[in-house]
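Nothing in this text is a laboratory measurement; each read-out follows from the coordinates by a stated rule. Remember, it's a predicted structure, so these values are computed and weren't measured experimentally. Cβ sites come from the backbone with ideal geometry, for glycine too, and all protein chains shown count toward neighbours.
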Amino acid sequence: MTEAELRDEVIATARSLFTRSLTHGRTGNISVRLDDRILVTPTGSSLGTVRADHLSVIDTGVHHLAGPRPSKEAFLHAAVYRARPGATAVIHTHSTHSAAVSCLAGVDQRNVLPPLTAYFAMRIGRLPMLPYHAPGDESLGALAESTARDNVAFLLSNHGPVVAGESLPAALDALEELEETAKLFLLLQGHRTRPLTDRQVRDLAPR
Ligand SMILES: [Zn+2]
């Protein structure tokens with residue numbers, strides 16, 4: 001894919017997230033990896049209006065190379081790319097149901113959501129939750145990087161999900177699956193629930 005095509009794909013994904021209320025206001029950020037550079041949505045931008053010629057360019061060390069100033073959450077994207085050589089796209093949102101789950105007390109921080117459906121088991125697998133840090137607190141970078149080595153997604157406490165993909169459509173699919181599973185999980189609170197078995201999950205797990 002050319003850089004122009006990738007930029008257009010970022011914008012199409014941004015609009016898709018925004019118009020379906022998977023992100024709101026000026027929250028959420030999207031990045032793609034292009035050789036050793038990262039294109040990421042800029043600080044203060046809305047995914048409803050950000051333009052293809054207004055993306056920030058950084059490297060995996062979070063150095064600002066070109067374009068407007070990057071999102072203050074860009075360091076999380078860079079951490080995921082350092083950890084996952086196969087990842088070419090990262091999406092972070094404050095999607096309602098995922099954010100709601102990130103505020104729950106008493107969940108298993110190593111794996112927040114049970115494997116309710118096959119698609120969640122295939123696209124996400126395990127979902128660790130990282131401890132609360134203020135937005136933009138880069139001291140979370142090292143933990144994000146070590147967590148991303150073994151997980152395609154993680155949840156930031158009282159905040160929202162970060163999801164990696166081998167392509168931007170794959171990252172979007174995984175983010176949507178996470179959000180829908182978070183919604184199911186909340187709907188099922190107080191109901192007896194039968195998640196997939198360990199064996200069923202093992203047969204489906206992402207690598
Ligand atoms: Zn955020």
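Note on region 3-204: with charges restricted to the Cβ of Lys and Arg (+1) and Asp and Glu (-1), its dipole about the Cα centre is near 500 debye. Among P169, P70, P135, the largest mean-square fluctuation in a Gaussian network model of the chain (Cα springs under 10 Å) belongs to P135. Per-residue extension of 0.36 nm, minus the Cα-Cα distance of A205 and A12, leaves a gain of 66.7 nm for this segment.
Over the chain, what lengths in whole Å, largest first, do the semi-axes of the equivalent ellipsoid take, defined as the square roots of 5 times the eigenvalues of the alpha-carbon gyration tensor?
Working: eigenvalues 152, 56, 53 Å².
One finds semi-axes of 28, 17, 16 Å for the chain.
Per-peptide packing, taken as the mean over residues of other Cβ atoms within 10 Å, places 1-12, 174-185, 111-122, 71-82 in the sequence 71-82, 174-185, 111-122, 1-12 from highest down. Going from the residue with the fewest nearby Cβ atoms within 10 Å to the one with the most, I58, I30 rank I58, I30.
Annotation: amide H of L113 within the under-5 Å range of L127, sequence separation 5 or more or interchain, hydrogens built in the peptide plane. Taking amide H as placed 1.01 Å from N in the peptide plane, L130 has its amide H under 5 Å from the amide H of L155, L156, S157, each at least 5 places away in sequence or on another chain. Beyond 16 Å, the tail of the calculated P(r) for region 81-186 holds 53 percent of the Cα pairs.
Roughly how many debye, to the nearest 20, is the charge dipole of region 77-140 about its Cα centre, given +1 on each Lys and Arg Cβ, -1 on each Asp and Glu Cβ, and no other charges?
Working: 5 positive and 3 negative charges, 55 e Å.
It works out to roughly 260 debye.
Distances over 13 Å make up what percent of all Cα-Cα pairs in region 25-76?
49
Counted by neighbouring Cβ atoms within 10 Å, the residues L17, L104 run from fewest to most as L104, L17. Considering only G48, G165, G190, the mean-square fluctuation computed in a Gaussian network model of the chain, springs between alpha carbons under 10 angstrom, is largest for G190. A simple spin-label model places the labels of S146 and M1 3.2 nm from each other, with each point 7 Å out along Cα-to-Cβ. Once the Cα atoms of helix 141-150 and of the chain are each reduced to a long axis, what angle between those two axes, in degrees from 0 to 90 to the nearest 10, is obtained? Relative to the chain, helix 141-150 is tipped by roughly 60 degrees.
Using the rule -39500 (n - 2.57) for each DSSP H run of four or more residues, divided by the residues of the chain, the 222 nm mean residue ellipticity is -11000 deg cm²/dmol. Among V62, V163, V152, the residue with the largest mean-square fluctuation in a Gaussian network model of the chain, with springs joining Cα atoms closer than 10 Å, is V62. Farthest toward the positive end of the dipole of the chain, out of L34, G160, T88, is the Cα of G160, where the dipole comes from beta carbon charges about the Cα centre.
Panel order for V40, V107, by other beta carbons found within 10 Å of each beta carbon, from fewest to most: V107, V40.
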